[in-house]
Amino acid sequence: MDKKRVVIPTGYMGAGSSAITDLLDGIDGFNVSRSNFEFVFLHCPNGVFDLEDKLLHGNNAVRSDEALHSFYNTMRQLYSKRYWWVGHYNQHIGEKFWIETEKYVDALKEYEPDYYWYYQENVNYRMVPRLILNKFFKKIPGMKSFVRKPLSYSPMWVSFVKPERFYKLSREYIYHIFEAAGKNEENIVLDQLLLPFNLFRFSNYFEDDVEVFVVERDPRDVFIINKYYWNKMGEVVPYPTEVHEFCRFYRSLREMEQPCENKQIHRIAFEDLVYNHAETVQKIYEILDIDIQKKYTVRFDPMKSINNTQLFMQNEEYREECKVIEKELQEYLYAFPYEIVHNENKIF
């Protein structure tokens, strides 16, 4: 296992992608210390992928200015903004994240013109003192030279970067961040660095040392755990809790994906980690060049996780709702090999 890898677990909101991390927790050479943190700087609003879309599709001078400044400001917030749970990159990655971000933006900038555009003239509270001063200066003879247009920021950053250069600079930027996260010394696990909906971008950004594991889960269990467990615990519930709305939402979510075939993108059913455990774990370990002959003490326990499957079998209320899901989302269901009897106290 000489080549150090980046392992990216991802899924569909509540699919159980953390099981991949749990399978690697306890194996020498895999750093899972960031397993409770989701890295969003690629796919978040104003992240790298938004920057790609803005600079490479329908770009112009003012569009590129907005794109670069929005990216820069968002990365600055991810780096240092307090009390934002997806942030604190200054702790999770270190100072190098911001150093490399500034280098990346500087490399993408091609022009800094003297003019400004309407976006910079959009009034905010910081501009009010200057507006008041300008009004005062205009009334005094000979003071016109002190009248300066207040702008929300300056200067403009313009880029007409070609796709080849954009992807080259972006790959270098991402790999510098991987290095800062310790990739040169060990394999690192970066949860949710990619989402299923942007996997079609994979080959433009990554080399052969990145492995993505997309975890899928039976939508009946996804619905039940959202509505009847997380909701009652006061947790954020990402899906509708009315079953017909859930089906419509879930199908729309899955159909948003663009087809993507890549040997470094692997689809895993959460249920296979439980009901087909040995074969599925062997497959994952072979992908990651882990010695399957060794015995590892890992965090994932299929005998425990089985209690989080077939939740829809617990009572009649669940079963009636899940009949709707079985009809509307048939292609996403898992074929369970046998039924289990639940112990309510073991569901987690």
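Here are the numbers for the structure shown:
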{"quantity": "Identity of the residue in segment 52-66, touching a helix residue (DSSP H, G or I) at 6+ places or on another chain (Cβ under 9 Å) and without any contact (Cβ under 8 Å) to a residue 40 or more places away in the chain, that ends up least open to solvent (accessible area, probe 1.4 Å)", "calculated": "Lys54"}
{"quantity": "Contacts under 9 angstrom Cβ, first residue in segment 77-88 being closer than 10 Å to Phe39 by Cα and without any contact (Cβ under 8 Å) to a residue 60 or more places away in the chain, partner open to solvent by 50 Å² or more (accessible area, probe 1.4 Å) and outside any loop (DSSP other than H, G, I, E, B), 6 or more apart", "calculated": "Gly87/Gln77; Gly87/Ser80"}
{"quantity": "Residue satisfying condition, being assigned to a helix (DSSP H, G or I) and touching a Cys at 6+ places or on another chain (Cβ under 9 Å), within set Asp106, Asp50", "calculated": "Asp50"}
{"quantity": "Flag if Ile292 is without any contact (Cβ under 8 Å) to a residue 24 or more places away in the chain and aliphatic (A, V, I, L, M)", "calculated": "yes"}
{"quantity": "Subset of segment 237-257 (residues that are assigned to a loop (DSSP other than H, G, I, E, B) and touching a residue at least 60 places away in the same chain (Cβ under 8 Å))", "calculated": "Pro238, Tyr239, Glu257"}
{"quantity": "Residue that is modelled with the lowest pLDDT [pool: residues in segment 287-303 that are in contact with an Asp or Glu (Cβ under 8 Å, 6 or more places away or on another chain) and buried (at least 17 other Cβ atoms within 10 Å of the Cβ)]", "calculated": "Phe300"}
{"quantity": "Residues (more than 23 Å from the chain's Cα centre (by Cα), modelled with pLDDT under 95 and open to solvent by less than 40 Å² (accessible area, probe 1.4 Å)) located in segment 222-261", "calculated": "Ile224, Tyr228, Tyr229"}
{"quantity": "Test: residue in segment 89-112 that is more than 22 Å from Tyr167 (Cβ to Cβ), surrounded by fewer than 21 Cβ atoms within 10 Å (Cβ to Cβ) and small (Gly, Ala, Ser)", "calculated": "yes"}
{"quantity": "Residue within segment 203-210 that is among the hydrophobic types (A, V, I, L, M, F, W, C), exposed (fewer than 14 other Cβ atoms within 10 Å of the Cβ) and farther than 24 Å from Tyr275 by Cα present", "calculated": "no"}
{"quantity": "Residue list for segment 169-183, filter: open to solvent by 10 Å² or more (accessible area, probe 1.4 Å) and out of contact with any strand residue (DSSP E or B) (no Cβ under 8 Å at 6 or more places or on another chain)", "calculated": "Leu169, Arg171, Glu172, Tyr175, His176, Glu179, Ala180"}
{"quantity": "Evaluation of Gly234 against (1) in contact (Cβ under 8 Å) with a residue 60 or more places away in the chain; (2) at positive phi (one fails), failing number", "calculated": "(1)"}
{"quantity": "Val32 vs. criteria touching a residue at least 60 places away in the same chain (Cβ under 8 Å), within 24 Å of Phe202 (Cβ to Cβ) and open to solvent by less than 30 Å² (accessible area, probe 1.4 Å)", "calculated": "yes"}
{"quantity": "Residue satisfying condition, being surrounded by 15 or more Cβ atoms within 10 Å (Cβ to Cβ), of a type outside the set (Phe, Trp, Tyr) and in contact with a Cys (Cβ under 9 Å, 6 or more places away or on another chain), within set Ile325, Ile306, Ile284, Ile265", "calculated": "Ile325"}
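The values are calculated or read from the model by the stated rules, or taken from the named source; none is laboratory data. Remember, predicted model here, so these are calculated numbers, not experimental data. Cβ coordinates were reconstructed from backbone atoms using ideal geometry, including for glycine residues, and neighbour counts include every protein chain displayed. Please note that ligands, DNA and RNA were not included when accessible areas were found on the heavy atoms of the full protein model with its side chains. Shrake-Rupley method; radii C 1.70, N 1.55, O 1.52, S 1.80 Å.
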